[in-house]
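Written below as structure tokens is the structure these notes are about.
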Amino acid sequence: MAAMPDLRGERKVELALRSGEDVVRLRQAVRESALAVGFSLVDQTKVVTAASELGRNTIQYGGGGRVEISIVADGARRGVRLEFIDQGPGIADLKLAMTDGYTTGGGLGLGLSGAKRLSDEFEVESSPGKGTRVVIVRWKAR
């Protein structure tokens, strides 16, 4: 996987993730960033859906946390970068958690794997007892 892009200081928003209302605010902020970059409606929907899934995971499994939303550039490309951070229990078996259909919460089991499919770049780090960090990037289609 290519290295994550460097921030170019264009725009950065940080939001707390503690409740369903925060997920609504997250979706709005991600859509605004996607619009600012010039994403098509399809790409807006993909990045907002991925953000929603990861935001809900942060609250449900991580006990809450935060997200940083950034507009990034890598040469001529522009995109939206989302970094979700929690200090929750972490993911005991990351490989299993990335499997479609796997869930510990009774959902569809598409959170992490679904977010990965909806993103151009995906990175996850998790340590049991220390929390989880998930970073995704969606680039504007040329």
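We did not get these values from a lab; they are worked out from the coordinates using the rules stated. Predicted, not measured: the structure shown is a model, and the values here were computed from it. Cβ coordinates were reconstructed from backbone atoms using ideal geometry, including for glycine residues, and neighbour counts include every protein chain displayed.
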**Surrounding net charge for Val135, when Lys and Arg each add one and Asp and Glu each subtract one, Cβ distance under 10 Å** = -3
**Request:** Order these peptides, 111-119, 75-83, by their mean beta-carbon neighbour count within 10 angstrom, highest first.
**Result:** 111-119, 75-83
**Asked** Using θ = phi - 60° and the Karplus curve 6.51 cos²θ - 1.76 cosθ + 1.60, what whole-Hz ³J(HN,Hα) does each residue of the range 131-142 get, with Gly and Pro shown as x?
**Response** x, 9, 10, 10, 10, 10, 9, 10, 9, 5, 5, 7
**Item:** Environment charge of Glu21, counting only residues whose C-beta is closer than 14 Å and scoring Lys/Arg +1, Asp/Glu -1
**Value:** +3
**Residues with amide H under 5 Å from that of Arg78, placed H, sequence gap 5 or more** = Lys140
**Prompt:** If you plug each phi of the range 12-24 into the Karplus form 6.51 cos²θ - 1.76 cosθ + 1.60 with θ = phi - 60°, what whole-Hz ³J(HN,Hα) values come out, in order, with x for Gly and Pro?
**Reply:** 8, 10, 10, 10, 6, 10, 10, 8, x, 4, 5, 5, 4
**Message:** With θ taken as phi - 60° and the coefficients 6.51, -1.76 and 1.60, list the Karplus ³J(HN,Hα) couplings across the range 123-129 in order, rounded to whole Hz; mark glycine and proline as x.
**Reply:** 9, 9, 10, 8, 10, x, x
**Prompt:** So who's got an amide H within less than 5 Å of the one on Asp120, skipping anything under 5 residues away but keeping other chains? H placed 1.01 Å off N, in plane.
**Reply:** Val137, Arg138, Trp139
**Complete:** Any residue on another chain or 5+ positions along whose placed amide H is under 5 Å from the amide H of Leu17 is listed here as Gly65, Arg66, Val67
**Request:** Could you tell me the convex hull volume per residue, in Å³, taken over the Cα atoms of the range 11-131?
**Result:** 102 Å³
